Structure formats: C-alpha cells, structure tokens
1. List the residue pairs whose Cβ atoms are under 9 Å apart, where the first residue sits in the range 108-131 and is at positive phi, the second is part of a loop (DSSP other than H, G, I, E, B), and the two are 6 or more positions apart or on different chains.
2. Quick one: which of 82, 75 is assigned by TED's automatic domain parsing to the domain that holds residue 24, surrounded by 11 or more Cβ atoms within 10 Å (Cβ to Cβ) and of a type in the set (Asp, Glu)?
3. For the range 59-71, state whether one or more residues are buried (at least 20 other Cβ atoms within 10 Å of the Cβ), within 30 Å of residue 137 (Cβ to Cβ) and not assigned by TED's automatic domain parsing to the domain that holds residue 146.
4. So which of 45, 37 is out of contact with any helix residue (DSSP H, G or I) (no Cβ under 7 Å at 6 or more places or on another chain) and under 18 Å from residue 85 (Cα atoms)?
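The values are calculated or read from the model by the stated rules, or taken from the named source; none is laboratory data. This one's a predicted model, so the numbers in the text were calculated from it and none came from an experiment. Using ideal geometry, Cβ is built from the backbone for each residue, glycine included, and neighbour counts are taken over all protein chains shown.
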Amino acid sequence: MTELKLSEEQKALIEELGVFHEQNGLQPAAARIISLLLIADKTELTFDEIREALNLSKSATSYGLNFLLSINRIDYITLPGDRKRYFRTRLVTWEKEVHRHLESMLKGNLLLKKVLNQRTPETESFNNKLQEVIEFMEYLEKELPLVVQRWHDTKKKPE
C-alpha cells in the first residue's frame, strides 16, 4: 500500500475544515475524517489510509467512520477481489441529502405545532416566537423547492 501524500496546504485545510465541522457538532476524529475525504486527491480511501494520514488510533478511526456512516455523511464501496472498504463522501448525493434534511425539518415543524397547541396562553411572548419559527419553517417548505428548481434551471445548457 502506498502512503497517502498530503501537501502542507492540504494538511492545514484539513485542520481548518475539521475545526469548522467540530463547531457544527462533529467529534474531532469524525470532523477530520470527513475533511480528509473532501480534500485528499484520492476520492476513496481505505481505513488504513485514513488512520495513517490523520495519525489516529484504530479505535478513533473506527468510531469516526462508523459515526459518519450512521449519519449518512459518508458511504463506502468494495472492489471485486479486495476485502477492503473504500470510504468516500456522499457528495454525489448532495441533492438527496438536502431533500432529506428538508423533510426532517418539516417533521420537526409538525412537532413544534403540537407544542404550540398545548402551551399555556400565559407565555404569550414565548408562544409568539414559537409561532414565528413555525411560520418561517412553512415559508422554507414552500420556497426551498423553488430555489432548487431555479438553480437547476441555471445549470441547463442552452440548445
């Protein structure tokens, strides 16, 4: 196996992007793994390539990969005659992920409506803010599909 070569610029970017992912809820190892998969010149990396490139323990690498798999941020492929798994980002399915997140937000909004319906009217200010969040989510539900469609329209090549 050849060692994965990373430039100093790539290493610095992995760290910078890793910190960003940490600030958005990922554990440090998972944050560095997803960053490496985005930045490395190879688009699919083995467990050992990831572990060695990031200087992680086997358990930290395993935990990070399993966590990223469980939240659908990465997936893997196998090759005929090769027992290794090759991990990659789910960048190719980004649009499905956007729709999945939108659906999740909408389900959450249904729950917020139930919360609002059971709240005491004595907390009027809080209830008004909750209503505002619900209305914004309803607005997103209507507008986001239109934004995606407009984006697609800009990507179409004129004939």
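1. Here the result reads none, with nothing in the range 108-131 linked to a residue that is part of a loop (DSSP other than H, G, I, E, B).
2. On the way: 82 fails: surrounded by 11 or more Cβ atoms within 10 Å (Cβ to Cβ).
From the options 82, 75, the qualifying one is 75.
3. yes
4. Working: 45 fails: out of contact with any helix residue (DSSP H, G or I) (no Cβ under 7 Å at 6 or more places or on another chain).
Matching residue, one of 45, 37: 37.
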